[in-house]
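Below is one structure, written out as structure tokens; the observations come after it.
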Amino acid sequence: MIFMTDDPIADFDRYDREQQAWEDRLPHCDICGEAIDDNVYEIDGVIYCMSCIEAKYRRNAEDYVI
């Protein structure tokens, strides 16, 4: 919840601390370290974000056409 005062700097600092506390509770990608706020992919105990899972495992089907 956002509480507004007559001090915008204090308001921002409070908001920033709340956002950081929220992010600290989220799982983090073991590869890039970014907080994951949507889908978590766990493979063999390693947690991936969508960007890292695509970079590591996504391939074009054309590469496998015989």
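The values are calculated or read from the model by the stated rules, or taken from the named source; none is laboratory data. Quick caveat: nothing in here was measured; it's all calculated off a predicted structure. All Cβ positions, glycine included, derive from the backbone under ideal geometry; neighbour counts span all protein chains shown. We work out accessible area using only protein heavy atoms, side chains counted, and drop any ligands, DNA or RNA first. Shrake-Rupley method; radii C 1.70, N 1.55, O 1.52, S 1.80 Å.
Shown for the chain: the carbon plus sulfur share of the solvent-accessible area, taken with all protein chains present and a 1.4 angstrom probe, equals 51%.
What number does the chain give for Rg over Rh if you use C-alpha atoms and the Kirkwood radius?
Rg/Rh for the chain comes to 1.27.
Distance between the pseudo-spin-label points of ASP16 and HIS28 (7 Å out from Cα toward the beta carbon): 1.9 nm.
With the simple model of a label 7 Å out from the Cα in the direction of the Cβ, THR5 to GLU42 spans 4.1 nm. Taking the average, over residues, of other Cβ atoms within 10 Å as the packing measure, peptides 15-21, 25-31 rank 25-31, 15-21 from highest down. Take every pair of alpha-carbon atoms less than 8 Å apart whose residues are at least six positions apart; their mean separation over the length of the chain yields a relative contact order of 18 percent.
Heavy-atom accessible surface of the chain, averaged per residue, reaches 88 Å², computed with a 1.4 Å probe.
Between ASP24, ASP11, ASP44, the GNM of the chain built on Cα springs shorter than 10 angstrom shows ASP44 fluctuating the most.
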